[in-house]
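The values are calculated or read from the model by the stated rules, or taken from the named source; none is laboratory data. Quick caveat: nothing in here was measured; it's all calculated off a predicted structure. Using ideal geometry, Cβ is built from the backbone for each residue, glycine included, and neighbour counts are taken over all protein chains shown. Ligands, DNA and RNA are excluded from the accessible area calculation, which covers all protein heavy atoms including side chains. Shrake-Rupley method; radii C 1.70, N 1.55, O 1.52, S 1.80 Å.
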Amino acid sequence: MTTTDPQASIAADLDAEASALDAADPLRHQRDAFVGSETRLVYFDGNSLGRPPRASVERLARFATDEWGGRLIRGWDESWMELPFEIGDTIGRAVIGAAPGQTVVGDSTTVLLYKLVRAAFDAQHDADPARVEIVVDRDNFPTDRYLVDGIARERGGRVRWIDVDLSAGVTADALRAAVGPSTAVVLLSQVAYRSGYLADAAAMTAIAHDAGALVVWDLCHSAGSVPIRADEWGFDLAVGCTYKYLNGGPGSPAFAYVAARHQDALAQPIQGWMGTADVFAMGPDYRPAAGMRRFLSGTPPIVGMLAMQDTLALIEEAGMDAIRQKSLALTDFAVRVSDALLAPLGVEVASPRDAASRGGHVTLSHPVMRAVTARLWQEDVIPDYRDPGGLRIGLSPLSTSFAETLTGLRSVEAAVRAES
């Protein structure tokens, strides 16, 4: 009589499931478009920095020799001056559901958030001096919280803080309790950076509007992994980074969305020559341009916005709905593997188990995860760590396979055993 080893059976079942999911994945061939996908390195940090597309390597080289080297200063007249708006419209169309003329690529996420939150606060307070509060949750990304605190002090306002469950995020009820006649602006992240909680952006926008507030959405952890319908959901303003799921490269510039109805009414606070009505007039006074150009300040970072075009082309080809389905399948699989391999070691899933409430990453919680992360990096398995005790598994849908996910989580299991 033979006996079956339970662990061997679980391993075989997981191998079979990963193989079947990869075989059935309609986006599986997209993985080949990325540098490094052919190696044994497991990349669990696409929610912080995406892999470079192979096409971007060629694009950057061509730009250096043909456009920068060949056309030199003529490049501004020939194409570069309009590139922030052209790529912005592509992001609007392919990623965030925005009609043309409402999205631009410009500064860093921090600078663009400052511009939009400050502009929204000033407009609201000027229209109604009683509106002095900026609402933000205590677990929003640090930049968001620091900016809001600084703007409130700078403009004589105050911050209204929302307390949240660290394994979830801001709920509709919590937002409804925080907004009112004193609210000028609400700053929310569509996907919580720590837990991966996915906010109901349409419902939350409506709640803020019912209170007379404007909403600035931080799309950094959602753009490229979660479908967004900025126009349909009534967004006022939004900012998103491009180096995560849009694969723009380290420090690639962020994008800003300003609904057409607000553009001419908002005065962005960093007045620079590129945001003027006549860029080359060099006049004595600042006269803001109409439309999205007024939200630019200095010279656009052209080199920094080149690489994202290749991922945007892949996103348009695949469609955000298909990308979301792949993302859900990846995170569902990661949760199942964690339950099978990691839960017996005391590891908890610190992200929503309901797929509809989860973005593109899963956080696994255990007291040894800081040491686990350091160990894994030495083994070419790359997650990231967030206090308290959270190992983030960022599964970029276009470049991550189910087999890679399983291999990485088996390495997490071994590292937790070694560090416990």
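Details
- Qualifying residue in the range 160-177 (condition: modelled with pLDDT under 95, assigned to a loop (DSSP other than H, G, I, E, B), closer than 18 Å to I207 by Cβ and open to solvent by less than 30 Å² (accessible area, probe 1.4 Å)): yes
- Any hit, the range 365-380, residues being more than 22 Å from L49 (Cβ to Cβ), basic (K, R) and in contact with a helix residue (DSSP H, G or I) (Cβ under 9 Å, 6 or more places away or on another chain): no
- Listed conditions (1) over 27 Å from L364 (Cβ atoms); (2) surrounded by fewer than 20 Cβ atoms within 10 Å (Cβ to Cβ) are all met by V185, apart from (2).
- Count of residues meeting criterion [in contact (Cβ under 8 Å) with a residue 24 or more places away in the chain and out of contact with any strand residue (DSSP E or B) (no Cβ under 6 Å at 6 or more places or on another chain)] in the range 373-385: 4
- Selection status of D144, in contact with a Leu (Cβ under 8 Å, 6 or more places away or on another chain), closer than 30 Å to T331 by Cα, part of a loop (DSSP other than H, G, I, E, B) and in contact (Cβ under 8 Å) with a residue 40 or more places away in the chain: no
- Residues of the range 313-327 that are of a type outside the set (V, I, T) and closer than 19 Å to R54 by Cβ: A313, L314, E316, E317, A318.
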